[in-house]
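Let me begin by presenting the structure, written as structure tokens, before commenting on it.
The values are calculated or read from the model by the stated rules, or taken from the named source; none is laboratory data. All values derive from a computational prediction rather than experimental measurement. Positions of Cβ are generated from backbone atoms using ideal geometry, with glycine treated the same way; all protein chains shown enter the neighbour counts.
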Amino acid sequence: MAEPLLSIRNLTVQFRVDSGWVSAVDDVSLDVGEGDCVGIVGESGSGKSVTALSILQLHGRATTRMPSGSISYRGEDLLRAPGAALRRIRGREIAMIFQDPMSSLNPVLTIADQISETLRQHEGLTGAAARKRVVELLGFVRIPDAARRADDYPHRLSGGMRQRVMIAMAIACKPRLLIADEPTTALDVTIQAQILELLRELRREMGMSVMLISHDLGVIAEFAQRVVVMYAGRVVEQAPVAELFSHPVHPYTTGLIAAVPKLDSDAKRLTTIVGRIPSPQEDIPGCRFSPRCSLVQESCLLAPPPMLDVSALQAARCPPQVMAWGDRHG
Amino acid sequence: MADAPIVQVRDLRKTFPVKHAGGTSTLHALSAVNFDIMRGETLGLVGESGSGKTTAGRILVGLIPASSGSVSLFGHDITGADGKAQLAAVRARLQFVFQDPFASLNPRMRIGSAIAEPLDIASGHTRKDRNDRVAELLELVGLPKESIERYPHEFSGGQRQRIVIARALALNPDFVVCDEPVSALDVSMQAQIVNLLLDLQDRLGLSYLFIAHDLAVVRAMSTRVAVMYAGAIVETAPKSKIYAEPQHPYSKALLDAVPRADPSYVRQHVVAGEVPSLLDPPPGCTFHPRCPFAFDRCHVEVPALKPSGPDRAVACHLFD
């Protein structure tokens, strides 16, 4: 296989707290290939957003450190790249969209002003040329009456339209990689379906890679080709989407899939995972899921478990279950 | 059924004045809403932003007044001329659980005092009765006794929602309005709270109005479901029917839009357009600009909610 577009290796991200440093992301490795669509799924505190922000180094410098690991984009280590190189990559090579489109837009500038900022910065487009491209982009993200909408301020637009504007801004320079952090979480379900469809079409038309971060297994199942499951700062399982949903191996993945309420189920009660999500400050020796795991063994409590291959495409951070899977399937 | 409904809502309307540079406009939050809730039943009220589901819930517990129409709780009409007195008579039997459990708890109040507050206000409890009741409530919602001395920030979102539920149950209500009680919670916590609410209903015979945007959660909780769109109920049916055979084109679109945790699922069709402005709703059926089946009549005539089969009703000209 050719070298992946983006390759994160053994990344650890720590935040400063009163008592010292806590790890929000711990030894995370993942790849995004050219044209790939990778979904990262996890609950609060899983480290999925922190991982994404680390790629473009959007954390506050004073309170964050990355003591180990590398993030290599087309062979260049972003963690060690000079500021000028990062500025060239941000927005042009790798673009990002966030959950709340309103707080990502400047309320006192028109849509056209904000989209042309990216075009000016990276492509030197100004005046009528920039304007023409803005209207083109708004049409591209299916905003009706684009020429008139370009002069609107963000408050004039609905949540769905604002997210379309954010997407237009993100794809303005035809990035190779789009990082979408919960892009539809703040939207109603019919609008969510529209935005996911738009992202899928754009991905096909532009051939860009997408890293989609979501807490919603439904969104992940629908959109991603490959899935990375995170729990309490660590990757616990990685697999192609079909394998992950048909035979999850890590007990957390299994539990999470079972806990999703189903539209076609008449079960009297939902399936739960006992206990609660640990805070990053909690020191849990061994596997961080062990206090909630129904299949916990003594060995789980001793040391952080390694990521083991289930098959060429699937890996899980649970040695007992990976071995049990191997025994069952030879 | 021999029992009278404990909640009867008839032709309920709510408008809000909205001030802007050109003067004042009227926002039509609810238009002609009708529903009943029977004892021990859960009515799931589902819809997207601006559908009016929260407004309906707030009127039901007397947090805001109705503009017109009537709401009767346990046979007391809280919307009539002596509505205030009627509401006071049933107030202790009503409770409300909101979406954000952190905003519902005073950060400087210990959990024990927070749960006991309704008891203190209702008065007539000795110190021992009060403390016994708090301990009993904590056990009921599955929290350790030691929680009494602790503060809200020491608890996770799921645990805080348990505290809010314990407080809501302090005075033994018969009817609880739950407005998006699990939508701020993670999936693994959400399932715990849904099961807790179901267990409490079994044990205490509670009736719920369960307001949520998540159709799958509504299915898990409800006996009957009412789908709202732009301030009106467009369809209501027992839950098994509405999920298996939705009738209203909006119910279909809504169900179809929900992402399935199943990679082999292929969506048929994505509904176009957005929810209309309630300041200037479209004439006729409010869904007609997005409806693939709309015909001439839908553009001019508002469809009424009419029976469309045993125990179900739909507001759509296709079913006339």
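Residues that are surrounded by fewer than 22 Cβ atoms within 10 Å (Cβ to Cβ), over 18 Å from the mean Cα position of the chain (by Cα) and away from chain B (no Cβ under 14 Å) within segment A:151-177 comprise A:ASP151, A:ASP152, A:TYR153, A:PRO154, A:CYS173, A:LYS174, listed in sequence order.
Cβ-Cβ distances below 7 Å connect the following pairs, each with a first residue in segment A:178-200 that is touching a residue at least 24 places away in the same chain (Cβ under 8 Å) and crowded, with 20+ Cβ neighbours inside 10 Å, a second residue that is in a helix (DSSP H, G or I) and among the acidic types (Asp, Glu), and a separation of six or more residues or different chains: A:LEU196/A:GLU222.
With the condition kept exactly as written, say whether any residue in segment B:283-300 is within 9 Å of chain A (Cβ to nearest Cβ) and out of contact with any strand residue (DSSP E or B) (no Cβ under 6 Å at 6 or more places or on another chain).
Checked against the condition, which is being within 9 Å of chain A (Cβ to nearest Cβ) and out of contact with any strand residue (DSSP E or B) (no Cβ under 6 Å at 6 or more places or on another chain), segment B:283-300 yields at least one hit.
For B:LEU197, indicate whether it is more than 25 Å from A:GLU197 (Cα to Cα) and part of a helix (DSSP H, G or I). Considered against the rule, which asks whether it is more than 25 Å from A:GLU197 (Cα to Cα) and part of a helix (DSSP H, G or I), B:LEU197 comes out as yes.
Selection of first residues in segment B:121-141 that are farther than 24 Å from B:GLN159 by Cβ and of second residues that are crowded, with 17+ Cβ neighbours inside 10 Å, restricted to Cβ pairs under 9 Å at least 6 apart or on distinct chains, gives the following pairs, ordered by first then second residue: B:ALA122/B:ALA170; B:HIS125/B:ALA116; B:HIS125/B:LEU119; B:HIS125/B:ARG133; B:ASP129/B:LEU119.
Quick check: anything in segment A:130-147 within 23 Å of the chain's Cα centre (by Cα), in contact (Cβ under 8 Å) with a residue 40 or more places away in the chain and more than 23 Å from A:ARG176 (Cα to Cα)? No, every residue in segment A:130-147 fails to be within 23 Å of the chain's Cα centre (by Cα), in contact (Cβ under 8 Å) with a residue 40 or more places away in the chain and more than 23 Å from A:ARG176 (Cα to Cα). Do the conditions hold for B:VAL225, that is, is it assigned to a helix (DSSP H, G or I) and either at pLDDT 95 or above or within 12 Å of chain A (Cβ to nearest Cβ) (or both)? Criteria not met by B:VAL225. Determine, yes or no, whether B:PRO173 is within 14 Å of chain A (Cβ to nearest Cβ), touching a residue at least 60 places away in the same chain (Cβ under 8 Å), crowded, with 19+ Cβ neighbours inside 10 Å and of a type outside the set (Lys, Arg). Judged against the criteria, B:PRO173 is not a match.
Considering only residues that are part of a loop (DSSP other than H, G, I, E, B) and out of contact with any helix residue (DSSP H, G or I) (no Cβ under 8 Å at 6 or more places or on another chain), which ones fall in segment B:1-41? Of everything in segment B:1-41, those that are part of a loop (DSSP other than H, G, I, E, B) and out of contact with any helix residue (DSSP H, G or I) (no Cβ under 8 Å at 6 or more places or on another chain) turn out to be B:MET1, B:ALA2, B:ASP3, B:ALA4, B:PRO5, B:ILE6, B:ALA21, B:GLY22, B:MET38, B:ARG39, B:GLU41.
B:ARG219: touching a Pro at 6+ places or on another chain (Cβ under 8 Å), within 11 Å of another protein chain (Cβ to nearest Cβ) and over 22 Å from B:GLN159 (Cα atoms), yes or no? First the steps, then the outcome.
Working: touching a Pro at 6+ places or on another chain (Cβ under 8 Å): yes; within 11 Å of another protein chain (Cβ to nearest Cβ): yes; over 22 Å from B:GLN159 (Cα atoms): yes.
Yes; evaluated as a whole, the condition is true for this residue.
Listed by position, the helices (runs of 4 or more DSSP H) inside segment A:208-299 whose residues that are buried (at least 24 other Cβ atoms within 10 Å of the Cβ) and over 14 Å from the mean Cα position of the chain (by Cα) number at least 3 are A:251-259. Restricting segment B:185-211 to residues that are more than 10 Å from every other protein chain (Cβ to nearest Cβ) and hydrophobic (A, V, I, L, M, F, W, C), the residue that is farthest from the chain's Cα centre (by Cα) is B:LEU204.
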